[in-house]
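Report on the structure given below.
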Amino acid sequence: MTDMSGNDERVKKMSGFRKALIRPELGGIIGTMAVFSFFLLFAFDSGMFSAQGVLNWSTVSAQFMIIAVGACLLMIAGEFDLSVGSMIGFAGMMIAIFGVVLAWPMWIAILVTFIICIAFGALNGYIVVRTGLPSFIVTLATLFILRGFTIFIPQTLESKTIIGGIREAAEGDWLAPLFGAKIGGPIFQWLGDNGWIGTFTSGNRAGQPVVDGIPMLIIWALFLVAVGHILLTRTRFGNWIFAAGGDAQAARYAGVPVDRVKILMFMFTAFCATVFAVCQVMEFGSAGADRGVLKEFEAIIAVVIGGALLTGGYGSVIGAALGALIFGVVQQGLFFANVESSLFRVFLGVILLLAVILNTYIRRLITGER
Amino acid sequence: MTSMMKKLMLTAAVVASPFMVSAQTSGDNLTYILVSHAPDSDSWWNTIKNGIALAGDQMGVTVEYRNPPTGDLADMARIIEQAAASQPDGIITTLADFEVLSGPIKAAVDQGIDVIIMNSGTPAQAAEVGALMYVGQPEYDAGQAAGQRAARDGVTSFLCVNHYISSPSSTERCQGFADGLGIELGNQMIDSGQDPAEIKNRVMAYLSANPDTDAVLTLGPTSADPTILAVKEMGIAGDIYFGTFDLGTEIVTAIKDGTIKWGIDQQPFLQAYLPVVVLANWDRYGVLPGNNINSGPGFVTADALTKVEEFAGEYR
């Protein structure tokens, strides 16, 4: 793209430095460096940077990343989804109901759950674009509706709110390992045998490395970040997303199918939430009615730390991924640094505030907007 | 840009420095981490925090308390994994959901970390994950004992105010109470939520719709405090048979004035205090009690309330 702009009067000339500064992920990059420096200083010998510790905060960050990618694209398209957390609980519960209570094959349970959840996402989007109501309100309603069903359905069918046995039901299934498996086992075994990572000293897993593979959760996170980033920056559809969130009316005049873009983004957010839920129930083997509480805000926080504008039209998937990384590292790192756990929210608030101020400051400084 | 980053780092360091000093007084530097399933908002767990802090002081060991802020059990599993990665000498944890937590707990045990299960779970589950012991009050049994006591007092129907419906142990308490009474639980358990105003209004709505209800069972201060207000406002305080799990300042006052017949004390202080003592003596001298420890149930009635009142919400 840059080589075409050489003598095109429609393209404004800009120095490379300035270009680097107005990237939305700049704040995220600085924040990531600051957070890692901080924990390298204060928690270096606490086990945080051992293989096991790294896997711990990577997994937590990956969880945030999965929902942050969906929330990020949706926010750039100018809408919010507050039902993400409830959707996670609902999707997990649906898999348990279909796969365990109704004893369907697990791959059918997973596919049907995806279809139901994405349909709810589409419904969210359809109501928002049809009624013109703020997505904040529409998805707030979905938040309560889905959470209500997540408690009501298992209570009615099984008279309990946690349904287990999912791991056993998924045994031998062809689709389930895509969400619940760990990969790279032999490599970690080799690392453990050579003494580079810790091994179990007792019990029936003695001799095995404490980290026995990369969970699919992390692979999904990286995959979704890559797909989201390419979609947003390298495709026509990506431009439509920016346009729909920036100025919807202007975008319509320019021929952008704004409604379709928004509905698709709601569906993608629901898809991300469902991926999160499936990975979770496959790993832990049970679905609970309280899963995913407040995850919608964690997704939004990660996206905002990553430099996206709450008003839409501006943001980056890489930034959101970095925001998720910061969030995960801080959340788990504070435990490693032996900080009183009730102060976690204080730190979270401070980081959020600092990130938003920094992002706004940089953007005003560079773009000259007010 | 660099100056701004420096400033940011400096601020972060200054803000954080007071919390970074860990109290390592004893020579052998033993560290124990207690992981609970309770959300930040559950006030009952304050007693647990005070219990481990006191035990830590007395035994000269470092103790830490960790919990998932929203009470999400999947987050709790991550915290146990994190705790294991930081290589403490022992982990004291609740076993609120066996399926979710057994994996991380077993992994910690296999790494050579001593684990004691407290509060939630059963002695059998504790043995299965390879824990040293279980310290707590078996929930179903406690509910059943309470139900039998209520049955002797002539109760035939009840309302169970469940403020933590997603935890299986809460439901077991209600189920045990119903079985103790010898009746079906059915619709007598309501999901009250955590908000005091909502709990109060839901209790009032249920009791207005079902005026024949003999008894109310609450599962802790979170649901008991608003329920006390509800029965007082409805003018049935003292008439309706009111029992509760756990103690707190309001509950003790209500036991005293006759609103509440009894409180089931599972003595959380012991659930936090004893594991630290057991672990420290195990690590130092290799001595270990041969059995699980039942910290409850004990029924607290209007008699002998002085000690309870003095320390309610702190150590009781």
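Of the residues that sit in segment B:87-101 and are within 8 Å of chain A (Cβ to nearest Cβ) and in a loop (DSSP other than H, G, I, E, B), which one is surrounded by the fewest Cβ atoms within 10 Å (Cβ to Cβ)?
B:Gln87
Being within 14 Å of another protein chain (Cβ to nearest Cβ), at pLDDT below 90, farther than 23 Å from B:Pro39 by Cα and surrounded by 19 or more Cβ atoms within 10 Å (Cβ to Cβ) narrows it down to one of A:Ile305, A:Ile218, so name that one.
Numbers: A:Ile218 fails: at pLDDT below 90.
Among A:Ile305, A:Ile218, only A:Ile305 is within 14 Å of another protein chain (Cβ to nearest Cβ), at pLDDT below 90, farther than 23 Å from B:Pro39 by Cα and surrounded by 19 or more Cβ atoms within 10 Å (Cβ to Cβ).
Take segment B:226-247 and flag every residue that is crowded, with 22+ Cβ neighbours inside 10 Å and of a type outside the set (Gly, Ala, Ser).
B:Pro226, B:Thr227, B:Ile228, B:Val231, B:Phe242, B:Thr244, B:Phe245, B:Asp246, B:Leu247 - these are the residues of segment B:226-247 that are crowded, with 22+ Cβ neighbours inside 10 Å and of a type outside the set (Gly, Ala, Ser).
From B:Val231, B:Val276, grab the single residue that is at pLDDT 90 or above and within 22 Å of the chain's Cα centre (by Cα). Steps first, please.
Values: B:Val231 fails: within 22 Å of the chain's Cα centre (by Cα).
Within the list B:Val231, B:Val276, the selection yields B:Val276.
Given (1) touching a His at 6+ places or on another chain (Cβ under 8 Å); (2) modelled with pLDDT of 90 or more; (3) not hydrophobic (A, V, I, L, M, F, W, C), identify the lone condition not met by B:Thr222.
Only one criterion is unmet by B:Thr222, namely (2).
Among A:Val293, A:Val275, A:Val303, which is the only one that is in contact (Cβ under 8 Å) with a residue 60 or more places away in the chain and in contact with a Ser or Thr (Cβ under 7 Å, 6 or more places away or on another chain)?
Result of the check over A:Val293, A:Val275, A:Val303: A:Val293.
Listed here are the residues, each with its yes/no results for (1) within 27 Å of B:Thr249 (Cα to Cα); (2) in a helix (DSSP H, G or I); (3) modelled with pLDDT of 85 or more.
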| site | (1), (2), (3) |
| --- | --- |
| B:Phe269 | yes, yes, yes |
| B:Ala272 | yes, yes, yes |
| B:Asp283 | no, yes, yes |
| B:Gly296 | yes, no, no |
| B:Phe299 | yes, no, yes |
| B:Ala304 | yes, no, no |
| B:Gly313 | yes, no, no |
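For segment A:14-35, which residues satisfy the criterion of being over 20 Å from the mean Cα position of the chain (by Cα), more than 11 Å from every other protein chain (Cβ to nearest Cβ) and surrounded by 14 or more Cβ atoms within 10 Å (Cβ to Cβ)?
A:Ile22, A:Arg23
So, in segment A:282-291, of the ones that are out of contact with any strand residue (DSSP E or B) (no Cβ under 9 Å at 6 or more places or on another chain) and facing another protein chain (nearest Cβ under 7 Å), which residue ends up surrounded by the most Cβ atoms within 10 Å (Cβ to Cβ)?
The extreme case among them is A:Arg291.
Among the numbered criteria (1) over 14 Å from the mean Cα position of the chain (by Cα); (2) surrounded by fewer than 23 Cβ atoms within 10 Å (Cβ to Cβ); (3) within 14 Å of chain B (Cβ to nearest Cβ), which one does A:Leu294 miss?
Going through the list (1) over 14 Å from the mean Cα position of the chain (by Cα); (2) surrounded by fewer than 23 Cβ atoms within 10 Å (Cβ to Cβ); (3) within 14 Å of chain B (Cβ to nearest Cβ), A:Leu294 breaks only (1).
Show me the helices (runs of 4 or more DSSP H) found entirely inside segment A:1-92 where at least 3 residues are at pLDDT 75 or above, over 23 Å from A:Tyr361 (Cα atoms) and not acidic (Asp, Glu).
Because the criterion is at least 3 residues that are at pLDDT 75 or above, over 23 Å from A:Tyr361 (Cα atoms) and not acidic (Asp, Glu), the helices (runs of 4 or more DSSP H) in segment A:1-92 that meet it are A:26-42, A:51-76.
Quick check on B:Asp57: is it among the acidic types (Asp, Glu), modelled with pLDDT under 85 and outside the structural domain of B:His163 (by TED's automatic domain parsing)? Write out each step before concluding.
Working: among the acidic types (Asp, Glu): yes; modelled with pLDDT under 85: no; outside the structural domain of B:His163 (by TED's automatic domain parsing): yes.
No.
Need the failing condition index for B:Gly154 against (1) more than 9 Å from chain A (Cβ to nearest Cβ); (2) surrounded by 22 or more Cβ atoms within 10 Å (Cβ to Cβ); (3) in a loop (DSSP other than H, G, I, E, B), just the number.
Status for B:Gly154: all satisfied but (2).
Of all residues in segment A:157-190 being over 22 Å from A:Trp107 (Cα atoms) and at the interface with chain B (Cβ under 10 Å from one of its Cβ atoms), which is farthest from the chain's Cα centre (by Cα)?
For segment A:157-190, the residue satisfying everything is A:Ser159.
Out of the residues in segment B:192-225 meeting the condition of being surrounded by fewer than 18 Cβ atoms within 10 Å (Cβ to Cβ) and within 20 Å of the chain's Cα centre (by Cα), tell me which one is nearest to A:Thr156 (Cα to Cα).
B:Gly193
The values are calculated or read from the model by the stated rules, or taken from the named source; none is laboratory data. Predicted model, so just to flag it, every value in this text is computed and none were measured. Please note: Cβ atoms are built from the backbone with ideal geometry, for glycine as well, and neighbour counts cover all protein chains shown.
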